[in-house]
């Protein structure tokens, strides 16, 4: 497998595309690329950008999404276009798929459709890893994953990211070949010989006593311990629902709900998106009824410590393989929490994988990955506030 | 047997009772423990609540502090950039997307009120395209009263606090397409005032008092810089006008100077040719007068001799005058090469005194010279500088009454030697002192009626001194005497 990266922060989106794609093509030399992954900040999400990239790349498959910032070896950029070109070995193959207009279907149906399309032509070969990019504003990310897993298998390694915008939560974009899309989910399936390792961690710690979700529906928690769900936050922060609503984003980032999963070490985090009039909490990702939950607390240090663990796990997974590429899907909430210290997370990644190991990443509104990364992977979950590190290796 | 069984039964019952009692006791203890655990769990939960609340406050404070630190840092850089700008439009160009983003916003507009057009005009546009800006400009001008009131009151408006008499938050959100905003007046002392708007679509942004303060400081800085720029513009314009005037006057003066030069050259040429033309017949007149006086054409009666001698004397005077004129003309036109050499000043002074000793003696005038050691060597053309001394001492002699004094003094300052020719003569009237170096100028007084002169001597002296890169001037008081001073370089 050969890797090449291109990056530009030129303000003119056409020039930026030309620069970045040009760099990546030159980097790969005479080797033909099999896949392009493009991540851009929101202002580069333009049909012309994809058209130019597609023309320059000679029609090879393109996959990607928008973000509030892009991550490369050079730094974290609030304005930028980054492209990754991958040339696969002869024993590796891939298949791309897309599902459009997710909101017009149920999320689980959209997930099933994507899973089915990903498997197209790959049913009789060994499948290794699936990478998906979904609209970050899809409300039920969990069902989408469940739908995909129905076709790919419950313990199939599914790594993904939910696209983000510049915290406006207005529109996020997905890139599929020449198409600039919203309200969609695109993905790819790697088959054959591919070496990878991943790690996903958040760093938030549980605080206070366990409570139970006594009534829930998808991503809406209606009652906790028989009381309107919002009471949990009202109680803990001594504020009424109206006051909470004013500071909801901050509270949600610093103090999300943690779902206790039987047999798992990490709690699964859920951000609160909004509070309904009846006191229900709408979360980013589902919370099953009867789930034991706790309020979580995070600090900059615990966040950074989680980044170390996540990277080390991904590296350990690769074993003796040399890391050829590191892909990072980092939660937008962590970007807010870490503030001007967010570059320290990048320093951690570089310290674990090496300063010059090709690195590409984005900030996301949700991360998809199994909780366990070593031995038995278990099912993939929809995560919030986590750093999801995927390392691809080779000799 | 029965009683035995009964006893055993009673014992069993008693032991069971004891066992049950102890079990109940233990259960009660367990219940107590559970209760205690529950209580401590509740306590811990309460503590957790306290921790959460404290943590939230700390986070808020930390966030606010972080924002302030980075905000102040950016503001300092921005202020430095802005304050060095002296052009009105350039001031706003210094506010870049990068600065704005670092302050936590991605959209900004600045409007200045034009008193002339009676409307707000955009000077800064970040995060909006031209059509959006035009649309906002139209809307702002429709509601201009509100914005003008805000500027007049000097208050700010933001999504955290909006004055009662200003537009509603929703209207601002809708117009500027943002979720949070700050509007601050730009208050300039002179000229058009305006306001700066900053906003963000970021849902996570919560405008704080600190941020509002920062933008107010920025707006004030812009106001001050606008004042500076306008003042500079005003000064610059006056300076430009002045420069144009100076240039025009210089051009006029140069023209006049050229004209004067041309006239002067024409005058010199005229004098030179006329003098040459005069010298030829004068030589003939003198020659013939000499022949007649010598009696080569027969004896000459006394009366005729007297007349011939007068012709001869006047011809000499005329020759002298013509020579002076020619010299002046030559020096003026640069035709005379000064043969500069190191000369002994004392020697020259003594030589002049010796030359004029007869007249000095006749008029009983005391002559003295005071030339210090360091003034002895001067750099000059021997024949020309001797003429200067002869003219000046000769003049002093002419205008100093009997028993008067004439002295030559010298003093040195650096490389320059100043020579003063001092007399105790009649003096020169103040109004004539400026003109005495002009050609043909003679002070009109009784003494001059008696004392003969061409009015060219001092003019010639001035030309010679200036040809030596020196300067000449006079100080005089009527009835007390005159001091003619001139400078030469030391050898």
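Within the range A:287-313, the set of residues being in contact with a helix residue (DSSP H, G or I) (Cβ under 8 Å, 6 or more places away or on another chain), surrounded by 23 or more Cβ atoms within 10 Å (Cβ to Cβ) and more than 14 Å from chain B (Cβ to nearest Cβ) comprises A:307, A:311. Check the range A:184-205 and report whether any residue there is touching a strand residue (DSSP E or B) at 6+ places or on another chain (Cβ under 9 Å), within 14 Å of chain B (Cβ to nearest Cβ) and touching a residue at least 40 places away in the same chain (Cβ under 8 Å). Taking every residue of the range A:184-205 in turn, at least one turns out to be touching a strand residue (DSSP E or B) at 6+ places or on another chain (Cβ under 9 Å), within 14 Å of chain B (Cβ to nearest Cβ) and touching a residue at least 40 places away in the same chain (Cβ under 8 Å).
Scanning the range A:194-208 for residues that are outside any loop (DSSP other than H, G, I, E, B) and within 20 Å of the chain's Cα centre (by Cα) yields A:195, A:196, A:197, A:198, A:199, A:200, A:201. Restricted to the range A:245-261, and to residues there that are part of a helix (DSSP H, G or I) and within 24 Å of the chain's Cα centre (by Cα), the residue that is surrounded by the fewest Cβ atoms within 10 Å (Cβ to Cβ) is A:250. The set of residues from the range B:148-180 being under 20 Å from residue B:127 (Cα atoms) and within 14 Å of chain A (Cβ to nearest Cβ) comprises B:159, B:169, B:173, B:176, B:177, B:178, B:179, B:180.
Out of A:231, A:211, one residue alone is in a strand (DSSP E or B), within 14 Å of another protein chain (Cβ to nearest Cβ) and touching a residue at least 12 places away in the same chain (Cβ under 8 Å). It is A:211. Checked across the range B:89-110, the condition of being within 36 Å of the chain's Cα centre (by Cα), within 14 Å of another protein chain (Cβ to nearest Cβ), in a helix (DSSP H, G or I) and closer than 18 Å to residue B:220 by Cβ holds for at least one residue. Condition first: free of Cβ contacts under 8 Å to residues at least 60 places away in the same chain and either within 26 Å of residue A:347 (Cα to Cα) or assigned by TED's automatic domain parsing to the domain that holds residue A:325 (or both). Can you find one or more residues in the range A:83-95 that meet it? Looking through the range A:83-95, at least one residue is free of Cβ contacts under 8 Å to residues at least 60 places away in the same chain and either within 26 Å of residue A:347 (Cα to Cα) or assigned by TED's automatic domain parsing to the domain that holds residue A:325 (or both). Consider the range A:170-181 and keep the residues that are part of a loop (DSSP other than H, G, I, E, B) and within 16 Å of the chain's Cα centre (by Cα). The one that is nearest to the other protein chains (Cβ to nearest Cβ) is A:172.
Residue A:24 meets the stated requirement of being surrounded by 23 or more Cβ atoms within 10 Å (Cβ to Cβ) and either free of Cβ contacts under 8 Å to residues at least 40 places away in the same chain or in the same structural domain as residue A:364 (by TED's automatic domain parsing) (or both). With respect to residue B:66, is the statement that it is facing chain A (nearest Cβ under 10 Å) and part of a helix (DSSP H, G or I) true? Answer is yes for this residue.
Going by the conditions given, is residue A:166 touching a residue at least 24 places away in the same chain (Cβ under 8 Å) and away from chain B (no Cβ under 12 Å)? So residue A:166 fails the test.
Do we find a residue being within 12 Å of chain A (Cβ to nearest Cβ), touching a strand residue (DSSP E or B) at 6+ places or on another chain (Cβ under 7 Å) and within 15 Å of residue B:215 (Cβ to Cβ) anywhere in the range B:71-79?
Pass one, the range B:71-79, residues within 12 Å of chain A (Cβ to nearest Cβ): B:71, B:73-74.
Pick out the ones that are also touching a strand residue (DSSP E or B) at 6+ places or on another chain (Cβ under 7 Å) and you get none.
For the range B:71-79, residues within 12 Å of chain A (Cβ to nearest Cβ), touching a strand residue (DSSP E or B) at 6+ places or on another chain (Cβ under 7 Å) and within 15 Å of residue B:215 (Cβ to Cβ): absent.
Going by what's in this entry, would residue A:242 be described as part of a strand (DSSP E or B) and either touching a helix residue (DSSP H, G or I) at 6+ places or on another chain (Cβ under 7 Å) or at pLDDT below 90 (or both)? So residue A:242 does not fit the description; no. Of note, residue A:236 does not satisfy the criterion of being under 19 Å from residue B:41 (Cβ atoms), in contact (Cβ under 8 Å) with a residue 24 or more places away in the chain, crowded, with 16+ Cβ neighbours inside 10 Å and away from chain B (no Cβ under 14 Å). Applying the selection to the range A:343-364, what residues are surrounded by fewer than 20 Cβ atoms within 10 Å (Cβ to Cβ) and within 17 Å of residue A:82 (Cβ to Cβ)? The answer is A:343, A:350, A:356, A:357, A:358.
When restricted to residues that are more than 27 Å from residue B:263 (Cα to Cα) and in contact with a strand residue (DSSP E or B) (Cβ under 7 Å, 6 or more places away or on another chain), the range B:285-340 contains 2.
I'm trying to understand the selection: among the residues of the range A:262-278, which are part of a loop (DSSP other than H, G, I, E, B) and under 17 Å from residue A:139 (Cβ atoms)? Talk me through it step by step, then tell me what you get.
The initial filter retains those residues of the range A:262-278 that are part of a loop (DSSP other than H, G, I, E, B), namely A:262-267, A:271, A:276-278.
Scanning the range A:262-278 gives A:271, A:276.
Quick check on the range A:44-62. Is at least one of its residues under 19 Å from residue A:136 (Cα atoms), in contact with a helix residue (DSSP H, G or I) (Cβ under 7 Å, 6 or more places away or on another chain) and assigned to a helix (DSSP H, G or I)? Taking every residue of the range A:44-62 in turn, at least one turns out to be under 19 Å from residue A:136 (Cα atoms), in contact with a helix residue (DSSP H, G or I) (Cβ under 7 Å, 6 or more places away or on another chain) and assigned to a helix (DSSP H, G or I). Return a yes/no flag: does the range A:258-272 have any residue that is within 11 Å of chain B (Cβ to nearest Cβ) and touching a helix residue (DSSP H, G or I) at 6+ places or on another chain (Cβ under 8 Å). The answer is no, given that none of the residues of the range A:258-272 is within 11 Å of chain B (Cβ to nearest Cβ) and touching a helix residue (DSSP H, G or I) at 6+ places or on another chain (Cβ under 8 Å).
If you go through the range B:69-85 and keep only what is assigned to a helix (DSSP H, G or I) and farther than 29 Å from residue A:252 by Cβ, you end up with B:75, B:76, B:77, B:78, B:79, B:80, B:81, B:82, B:83.
Which residue out of B:26, B:49 is surrounded by fewer than 18 Cβ atoms within 10 Å (Cβ to Cβ), assigned to a helix (DSSP H, G or I) and facing chain A (nearest Cβ under 10 Å)? Let's see the steps before the verdict.
Numbers: B:26 fails: facing chain A (nearest Cβ under 10 Å).
The conditions single out B:49.
Hey, among the residues in the range B:181-207 that are farther than 29 Å from residue A:333 by Cα and buried (at least 22 other Cβ atoms within 10 Å of the Cβ), which one's nearest to the other protein chains (Cβ to nearest Cβ)?
Going residue by residue through the range B:181-207, those that are farther than 29 Å from residue A:333 by Cα are B:184-196.
Narrowing the set further to residues that are buried (at least 22 other Cβ atoms within 10 Å of the Cβ) leaves B:184-186, B:194-196.
Values: B:184: 23, B:185: 27, B:186: 26, B:194: 26, B:195: 24, B:196: 21 Å.
Residue satisfying both the conditions and the ranking: B:196.
Going through (1) within 20 Å of residue B:324 (Cα to Cα); (2) surrounded by fewer than 21 Cβ atoms within 10 Å (Cβ to Cβ); (3) in contact with a helix residue (DSSP H, G or I) (Cβ under 8 Å, 6 or more places away or on another chain) one by one, residue B:392 falls short only on (2).
If you go through the range A:43-82 and keep only what is away from chain B (no Cβ under 14 Å), in contact with a strand residue (DSSP E or B) (Cβ under 9 Å, 6 or more places away or on another chain), surrounded by fewer than 24 Cβ atoms within 10 Å (Cβ to Cβ) and over 20 Å from residue A:181 (Cα atoms), you end up with A:72, A:73, A:74.
The values are calculated or read from the model by the stated rules, or taken from the named source; none is laboratory data. Values in this document were obtained by computation on a predicted structure and should not be read as measured data. Neighbour counts run over all protein chains shown; Cβ positions are idealised from the backbone, glycine included.
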